[in-house]
1. 5 Å is the cut-off here: which amide hydrogens, built 1.01 Å from N in the peptide plane, fall below it relative to Arg175, excluding neighbours closer than 5 in sequence?
2. So for the chain: antiparallel DSSP bridges make up what percent, rounded to the nearest 5?
3. Please sort 229-236, 461-468 by packing, taking for each peptide the average over its residues of neighbouring beta carbons within 10 angstrom, highest first.
4. From Cα coordinates alone, what are the radius of gyration and Dmax values for the stretch 123-222 in angstrom?
5. Assuming R0 = 51 Å, can you tell me the calculated FRET efficiency for the pair Arg437 and Ser618, based on Cβ-Cβ distance, to the nearest 0.05?
6. Expected output is a single nm value to one decimal: the length gained when fully extending between Glu31 and Arg594, i.e. 0.36 nm times separation in residues minus the C-alpha distance. What is it?
7. Take the alpha carbon gyration tensor of the chain, find the square roots of its eigenvalues, order them as a ≥ b ≥ c, and report rounded if a/c is under 1.5; if not, report prolate when a/b exceeds b/c, else oblate.
8. Simple spin-label model, 7 Å along Cα-to-Cβ: Ala587 to Trp835 in nm?
Amino acid sequence: MTSPTQPSPGQPPPTRRPARRAAVDAAETLEADLRARLGALSLEAKVHLLTDAAPRRLPAAPEVGLRAVVLSDGPAGVRGSGEDPRETSASFPAPSALAATWDLALAARTGRMLALEARRHGVDVVLAPAANLQRTPVAGPHAEYFSEDPLLTARLAGEVVASLQADGVGACVRRFVAADSADGSGYVAQVSERALREVYLVPFEAVVRDAGAWCVMVGPGGVDDGVEAAPISEHRRLLRDVLRGEWGFDGVVVGERLPAALGAGAVPEGAVPEDEVPDDEVDQAVLRRLRLAARVGALGDAAAAGGAAAPGGMSATAVPPAGRPPVTGRRADHGTRAGRAFLREVAARSTVVLRDGPRRLPLDASRVLSVALIGPNAVEPFLHPGGGGRVRPDHVVSPAEGLRAALPGAHVSVHRGVPVRRKPPEIDAEDEARDPRTGRRGVRVDVLDAAGSVVESWVEGASWTGWVPTANPAAAAVRVSADVILFEPGEHWVGVGALGWCEVGLDGRPAVVSDAGSAPQRGSRVGPNLDVDAPEAVAGRAVFVLDPRTVRVEATVQALPADGAGRVARAVIRHRRPEPAPEREVADAVAAARTADLVVLVVGTNDDVERVDRDRTSLALPGRQDELVEQVLAARPDAVVVVNAGAPVLLPWLARAQTVLWAWPGGQEFGHALADVLLGRAEPAGRLPWTLPASLADVPVAMAIPGPDGVLAYREGIHVGYRAWEASGRAPAAPFGHGLGWTEWAYTGIGTEEADDGALAVAVRVRNVGGRAGHEVVQTYLEVADDDGASAPERPARWLAGFAVVEAEPGAEVTTTILVPRRAFEVWDAAVSSWVLPAGRYRVRVGRSVRDLRLDVEIRR
């Protein structure tokens, strides 16, 4: 019998077309189909495709089988279509947390998880990852970015993009380019061509050339590279020559409302007069839209008029509905359960051990019968940065819940210690509010027309968020009313936070009346992302309570046009309960610390402080948290201090604390992950992806404020982040790459071997000399050992050239090979517009951080 894998006797062997040839044929077939569809569109229809789009939905063209393409904010979760602000999603750890793992495999798994979430919500394209750099620690979007290093950012972003798109969901990489902070978001970044090429463009080049990103979003400002100064959305040199020309990008650029942007490759969001744009530019832009649609499954068979055959042989069948069908049922439930475990793993693995002098971690659970959980972030942890990428979590595990689940026999007491919030908390409508008409639990919502008549009415309880979406075309305003229950004796504060014009009353007495002048400054169109992006006016007053009572809250607020369709209003009821005097609250926390077996002090920032739409003005912890830490440490020097923040903060007490962990905005599983780390169920294997300063005065770029002319000068050039720290010689609180983990490592050998393509293979041998199995991040840096003196180009004092994550059991030795590409040795020569390799000797150094380097070897190039 002839084997199925062998040809029959007398027959020629089967022709096996190489995979590359098959891929080329498939691409050519697709392009031919796309051009046939393009030819079936009128110029009017083409311009419609490029201009008539909601901010999170690209328009449809049923006549060629194109449905609307749904986009969703990221990168710490997938928000959904944006049509319902109450929609819940899986809440991921912040991108900086993923970067702290330095683990490319985890990054790839994150991309797959994002794809699963996109499918769950019917989303085609996720607006993530953000490939900008953490140029300054005060930047509002800091935690949404991966790192201050271009290589680490490039590798992680590339893995997320590749795995996300492998599952048929588009990645829209943002914010191209040099859009690294929030203040004055329309600024012009004045950055040298060399700094652009060697630093800021590096991650974008990687996600386009290597990972094959399908979509890129431009930043809101402009770039002056010394050759061309223009808004990035119409920067022909960067979009046309570099992005599309050099890198071969054939996808969609999501950009600004500028007609000139069309010729550079951007999809504008405003009207473009047909006579201003050449036909061939329109055709190319539409072709890119169709190509994206084909990649995400939004391009079906054409629905030709009258049932006639469509052009190019396309059959006349129905166009698929807008957005991919959401995943439901058992498959979705299984994906959600697996997703929770994965999010918990990332949150735990990313935790950085800044200090652990006595090597107390992990703790012995058998000795813990009582826990004092202290700090404002113990009560309300910082789970995700405030901004457009914020999601409403499916659920949240608090630190107390995590510790109680892990220590079922222990008593866990929780003490805030100090207040830090600027705004009073939002009410829990199910527990704290009653409908004034029926007495049911929840908030009464009335949608009003222009005459003030009620056109819709309902009661909302547990799902209440303060956002009221409505598709009713008559909606002009929304009235929210509730009887808020005040139990505790003392001074309460009750009020409403609103967007747009509003009238707020408490117990029938006006609290505030505002006109349209208070409408959101970002324009008249709003969407669910404005819970953090728009200025919310808060109005209310103090209410003194002796016995339990209710106060009637009524607010009538403007209904504004929403992203997509319909209208949306914001009227969140806020309530601050009576609070003890600050000195009493601190004293109670210290007293609890003195008697507990274990003290866990969780301090940090929150989404009032870290917001993508606003840079910080200080690196200090908000409120009196430093004072709280000092007093708790004075009573219990063995307290475990957990810093829950996304961007660097100053820790003046760091040297006096025995054990300090950095726990990022950890998403919905934060509480479980923290318990896993403390009790030895997961290794805190994180390494800092940025530099932790000891003083704001030492920070190389302390602020990012444009000048009066709107220009933000990148004066540091190529010396970004730790590169500037190394050049200055100043000592940070913790250097780039630092993290102790829970075991010890010895570096026992290094060797190098040249590759044919100019790369350098660096073999590093490490041994786990501690008592626990663990992960080590082997970091490889380059330095110039000597050069040609005055003629040599300026180089950083030291720069990251490669890295690898290894695992080993106690006493085991492992060898990893890190490939340092030729590009790591090269510089951009603006005079010849090319990469060049300066000749000379280079020192290859390996170790645990940029300042903890264990072995080195010199090579000549």
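The values are calculated or read from the model by the stated rules, or taken from the named source; none is laboratory data. Remember, it's a predicted structure, so these values are computed and weren't measured experimentally. Cβ placement follows ideal geometry from the backbone for every residue including glycine, while neighbour counts extend to all protein chains displayed. Please note that ligands, DNA and RNA were not included when accessible areas were found on the heavy atoms of the full protein model with its side chains. Shrake-Rupley method; radii C 1.70, N 1.55, O 1.52, S 1.80 Å.
1. Amide H neighbours of Arg175, under 5 Å, 5+ apart: Ala131, Asn132.
2. Details: 114 of 156 bridges.
Around 75 percent of the beta bridges assigned by DSSP in the chain are antiparallel ones.
3. 229-236, 461-468
4. Computed over the Cα atoms of the stretch 123-222, radius of gyration and Dmax are 12.8, 38 Å.
5. Working: r = 47 Å, r/R0 = 0.91.
Here the calculated transfer efficiency is 0.65.
6. On the way: separation 563, 0.36 × 563 = 202.68 nm, distance 7.11 nm.
Going from the current span to full extension adds 195.6 nm.
7. Values: a/c = 1.60, a/b = 1.07, b/c = 1.50.
Taking the square roots of the gyration eigenvalues as a ≥ b ≥ c, the chain is oblate.
8. Rounded to a tenth, the inter-label distance reads 6.5 nm.
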